Structures are given as C-alpha cells and as structure tokens.
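Notes to accompany the following structure.
Read-outs: derived from the displayed coordinates by stated rules, not from any lab. Quick caveat: nothing in here was measured; it's all calculated off a predicted structure. We place every Cβ from the backbone using ideal geometry, glycine too, and count neighbours over all the protein chains shown.
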Amino acid sequence: MPLSFYFWQVFALVISGLLFLWLSRDEQLDWLISNYWFDPASQHFPWKNNYWLDLLNHRLLKITIISVAVVTLLWGLYRRNKRVVTTMLLFGIGPLVIGVLKATSAHSCPWDLVEYGGKSLSYVLMGTAPVGAGPGHCFPGGHASSGFAVMALFFLFTPSGHAGLYCVGLRVRLLAC
C-alpha cells in the first residue's frame, strides 16, 4: 500500500485518541451513559446480573470465538498461510492487551461507585487515583477487546479483496455487544 495510506491511518488514530482524551476530561459522557442504564427506583443496574446475557454473550459467544480462532490458527499453521496465522495472532493480542490493562487498572465499575450505592470513588481517566478508589479492574471494558479482535480481520480479508466481509463481521460484533 502507498505510504499516504499509512499516513492517513496514523493521522486518524492520533485524532481519535485526542478526541477520546478530550471527551474523558470531565467524565460527563461517562455519567450520561451510566445514568441511562441505572435504575434509580431499584438502586441498581438491571442488566448487571442477567443470566441470559451472561450465558450467551460472556460465556457461549466467548468460547465460540476463542475456539474458532484457535482452530483457524492451527489450520493456518498447517497450511503455512502467513496471513491467516498473523491475523489470528493479532486476533488474540487485542484481548490480551486489554486483559492486562484491565487487571492493572484502578478504575472501578459503575456499580461500585458511591453515586450508585457502592463504596468506590470516581476520578478522571488520566487523573491520580484517590484514596479509596475501590477495587478497580474495570477499565478498559471487555467489549473493547472484542472490538480490537474483530479489527484484526481487516488484515485477513482486505488483501484478498473481501473487505466487505470485514464490514459484515464488524456489524455482527456490534450487534452482539
């Protein structure tokens, strides 16, 4: 691909990152979204412990995606298909990085915050964690890892002229969230 392609990709990533940091400066967007899903009458997040959501989205879909990725990786190794192997490794790197970031994050989940009946304190994204910040391990969200994994499919389908399959896969993943 031409050098200008990579320039515009990096440019878009930098602008997106700066926009994200700007939106995160005062947490207003976070509060807006959290308040939408919080039920003030019952003082909890109704979908937090939903059995079917947990079973279908967090267990079965997760196991299916991991299984397909591992089988595809093994198939790529067997066929010596570098593009498939690279894509499946990238498919796993996104969730791995998000998992490490989440395990070391001091940001607590919304239901742990004082504003929603918990005991944790909220603070801005790049701010210093206050004393009593809570259990943490909630940022970045796990759904971000699946988004990064799906983005790896770009490298599998684009060179073969099947970029449309990438778009279909992305839409399916967005519906699954």
Selection count where residues are under 30 Å from TRP37 (Cβ atoms) and among the aliphatic types (A, V, I, L, M), scope the stretch 69-92: 1
Given the conditions (1) within 30 Å of LEU125 (Cα to Cα); (2) assigned to a helix (DSSP H, G or I); (3) not hydrophobic (A, V, I, L, M, F, W, C), and given that ARG83 satisfies all but one, which numbered condition is not satisfied? (1)
Residues in the stretch 44-65 that are surrounded by 10 or more Cβ atoms within 10 Å (Cβ to Cβ) and either part of a loop (DSSP other than H, G, I, E, B) or among the aromatic types (Phe, Trp, Tyr) (or both) total 6
Take the stretch 2-27 and flag every residue that is assigned to a loop (DSSP other than H, G, I, E, B), of a type outside the set (D, E, K, R) and farther than 26 Å from PRO95 by Cβ. PRO2
Does ASP30 satisfy the condition of being assigned to a helix (DSSP H, G or I), closer than 30 Å to GLY118 by Cβ and charged (D, E, K, R)? yes
Which of the residues belonging to the stretch 113-153 are loosely packed, with under 13 Cβ neighbours inside 10 Å, under 20 Å from ASN35 (Cα atoms) and among the small types (Gly, Ala, Ser)? GLY117
Checking ALA41 against (1) over 19 Å from the mean Cα position of the chain (by Cα); (2) surrounded by 10 or more Cβ atoms within 10 Å (Cβ to Cβ); (3) part of a loop (DSSP other than H, G, I, E, B), the condition it does not meet: (2)
